[in-house]
Amino acid sequence: MLPERSDPSRSWQIARWVSVFILVATAAILIPPGRLPYPPGSDVSDAALAHWPNAYRLQQSVRQFGEWPLWNSARMLGQSFAANPLSKVWYPPQWLALILPVTLHLDLMIYLHMVWLALGIIAWGRAEKLRPVAALFAALAWGLNAKLLSHLGAGHLDIVYALAWTPWLMAGVNRLVDERRGWSAVRLAAITAMLALADLRIAFYMLPMASVYGLLLLIRSGVKIGRIAGPVALAAGLFALLIAVEVVPVIGLGSSLTRDWITAQDAAVYSLPPSYLIGMLISDLGGFHEWMTYLAAPVVLLAILSLRRSPRWVESMVWWGVAIVAAVWSLGSNGPLFMPVANMLPLVGWFRVPSRAWFVVILALTVISAYGFDDLLRSGINKAWRMAFFAITATGLTWFAAALILLPDVPAASIAGASVGVSALALLLIGSQQLKIAEGVDWLTPRAAGSVLLVGAVVVVGWLIGESLVDGRTVEQAEAVDRAIIARLGDVDGRVYSPSFDLVGASAAQAGIETLHGVDPFQFQWSAEAIAEAAGVEMAGYSVVAPPVASGGEVDPALALADAVPDVGRLAVLGVSDVVARFPIEADGLALIAHSGGEYYYSVDLAAFDLPPFYDAEWIETPNRLSTTVSADQPTTLIVPVAWAPGWRAAINGGAVPVRRVSGALIGLCLPAGESDIELVYRPTADLLGAAISGITALALLIIWIVRTVGKANHGERE
């Protein structure tokens, strides 16, 4: 057991609010209010591509129609919306979109999750009985790590949300092992559920890591597994019930989604090239987010320091093992681990992009470095380590000077040298003087100066790297082309198809434009096949875009389909009235109506094709409903240009009728002769069942918490 030591509340308050201030200030500087994160030099960001439209749909559905959105008609013939984990409708913080402008909502979500990340690491540090400055260091190392910032720049906000919950997961595991009580299990279940609702892909990596951490705590505390089996089982059961709202619909649709086509090779996309391992020490400024491996020099040096014998030496070695396994997994098809597992366990393929396991590497080394920092403050370093850090300081500063002279156009080299040199100097200052830490920090000591220097190195390097990875821009700036297209199109009678993948972001969502094409990993198989056929391309397995385009190499998505000849008749059946492309299209049935700003505008000549009856029926649409009135001379089949899906229910003149899949992907209804009032409602059983399970569980826990809190208050008054 580690010795108890003083825990001055003021030092913890300072650590807490300094970490919060630095992380929020960093986020606000990189992404000022009213802007969204983009990679510098790119107009593509998931923040505008997915998160803005999803939040906007939630907002409009509830505000305008009073309906919780289960269906999304905006792209790819329509999709299940609430069942899609990327929609975030079941993630409670997302509900802020109901009261805030969408862009401000997303900005506030980023800032609040940075606050939550900082507070989580501090809570974990206190549970681990670290010194406040060591916990502060860990908070900044985790919140300013280059991979997190690069994913923030790419607009992967859900990943950032999940990473903010990860330290709370560790603190919750620590508390459960320490207290072994039912309420600790409830707290851990809630935290784990929030992490999974934020991003299932990150949860896939972090839950096994948390399990290893729990076993370490059991070994360290000497608690027998039998004494904690009950609370662990309770936490696991509640976790399953709380995430049923997201998991049950996905299970219900699983075999119908293109994700079911994923092979092990598909899952290995963006496997980390071994050459990028060198990026652990030299930052890849402005680099690709999936291959970002940079680890701040203070983290690396402290992690190396943990290899010496200390009270936490065994734990540090286990964390090193976790980091090594995660690093090997990150290599994907370039390593020995991922492919055999993905071939043996197909479900692993759903959690594609193995390079994201690098977050586990970063977290493991952050934990080790926090341990190392705390041990350094406690016991200092011997002469051999002092000499080593002196040599590293000299090497790093020499490296920095040489880089400034010889490689002035490669700032990564000079940043790396300065970071290594300053970090080693800080460790030398901290470890060289043995001082007892008691009621506070004496800022005149070498140890205190070194601590400030070490923390400052993490902050400065994080800011420098962040500037190269995150660019805050307004939607108007980033989507100027889309806005010009929307203005040129004017009122649109049907769907718009763009083989150049224009109109896929926030501007199109705000304008209410429905597109045949789209970018989303949550696609129905039949929809993907129908869209590919209409676009004149072949399905070649799993793709996150519809219609599919070749991936890899130097392919420009805007021009990737320039040689494809669309089937215009099929486009018409799928409800397309307008086509917009960045290249000319020669196809029967398309009429060029304008060529402006590098864009070609076409209208579909509907009269040139033998279209189904009532293809031009005027539908009244709300988030989960479609209704119209038609009159047929004889019984016929009505084809609705909307994707069929399990969960569609239909009524004609008030009576329920079967909903069939026709024309490959669309909804078909058998109409009687005469006038028919038609109503289609999307009400999938799996969505309702999952919502009921999680809702009842959350409500029961809330009631128990209120009763428990009131009971404690009454007991306190009686005493």
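Are any residues in region 588-602 surrounded by fewer than 16 Cβ atoms within 10 Å (Cβ to Cβ) and either in contact with a strand residue (DSSP E or B) (Cβ under 6 Å, 6 or more places away or on another chain) or touching a residue at least 24 places away in the same chain (Cβ under 8 Å) (or both), and if so, which ones? Hits for region 588-602 are 591, 592, 593, 594, 596, 597. Of all residues in region 197-214, those satisfying the criterion of being within 15 Å of residue 356 (Cα to Cα), under 15 Å from the mean Cα position of the chain (by Cα) and assigned to a helix (DSSP H, G or I) are 200, 201, 202, 203, 204, 205, 206.
Every residue, every condition in (1) closer than 30 Å to residue 85 by Cα; (2) among the aliphatic types (A, V, I, L, M); (3) in contact with a Gly (Cβ under 8 Å, 6 or more places away or on another chain), yes or no:
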residue: 301; (1), (2), (3): no, yes, no
residue: 325; (1), (2), (3): yes, yes, no
residue: 334; (1), (2), (3): yes, no, no
residue: 339; (1), (2), (3): yes, yes, yes
residue: 351; (1), (2), (3): yes, no, no
residue: 354; (1), (2), (3): yes, no, yes
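One residue stands out in region 109-121 among those that are among the aliphatic types (A, V, I, L, M) and touching a Pro at 6+ places or on another chain (Cβ under 8 Å): the one that is surrounded by the fewest Cβ atoms within 10 Å (Cβ to Cβ), namely 112.
Restricted to region 604-679, the set of strands (runs of 3 or more DSSP E) holding at least 3 residues that are touching a Gly at 6+ places or on another chain (Cβ under 9 Å) and surrounded by 14 or more Cβ atoms within 10 Å (Cβ to Cβ) comprises 636-643, 660-662.
Residue-by-condition table, conditions (1) of a type outside the set (Gly, Ala, Ser); (2) over 15 Å from the mean Cα position of the chain (by Cα); (3) not assigned by TED's automatic domain parsing to the domain that holds residue 247:
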residue: 28; (1), (2), (3): no, yes, no
residue: 41; (1), (2), (3): no, yes, no
residue: 88; (1), (2), (3): yes, no, no
residue: 115; (1), (2), (3): yes, yes, no
residue: 124; (1), (2), (3): yes, yes, no
residue: 131; (1), (2), (3): yes, yes, no
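For first residues located in region 510-535 and touching a residue at least 40 places away in the same chain (Cβ under 8 Å), partners that are among the acidic types (Asp, Glu) and assigned to a loop (DSSP other than H, G, I, E, B) and lie 6+ apart or on another chain with Cβ distances below 7 Å form the pairs 533/567; 534/567. With the structure loaded, tell me whether residue 86 is crowded, with 24+ Cβ neighbours inside 10 Å and of a type outside the set (S, T, N, Q) or whether it fails that test. So residue 86 does not fit the description; no. Look at region 47-60: where a residue is more than 15 Å from residue 478 (Cα to Cα) and a partner is polar (S, T, N, Q) and outside any helix (DSSP H, G or I), sitting 6+ places away or on another chain with Cβ atoms under 8 Å, you get 57/72. Take residue 413 and tell me if it is in contact with a helix residue (DSSP H, G or I) (Cβ under 7 Å, 6 or more places away or on another chain), in the same structural domain as residue 206 (by TED's automatic domain parsing) and not in a loop (DSSP other than H, G, I, E, B). Yes. When the test is whether a residue is assigned to a helix (DSSP H, G or I), surrounded by fewer than 23 Cβ atoms within 10 Å (Cβ to Cβ) and of a type outside the set (A, V, I, L, M, F, W, C), residue 378 passes it.
The values are calculated or read from the model by the stated rules, or taken from the named source; none is laboratory data. All figures in this text were calculated on a predicted structure; none of them were measured in a lab. Counting neighbours? That spans all protein chains shown, and the Cβs are built from the backbone with ideal geometry, glycine included.
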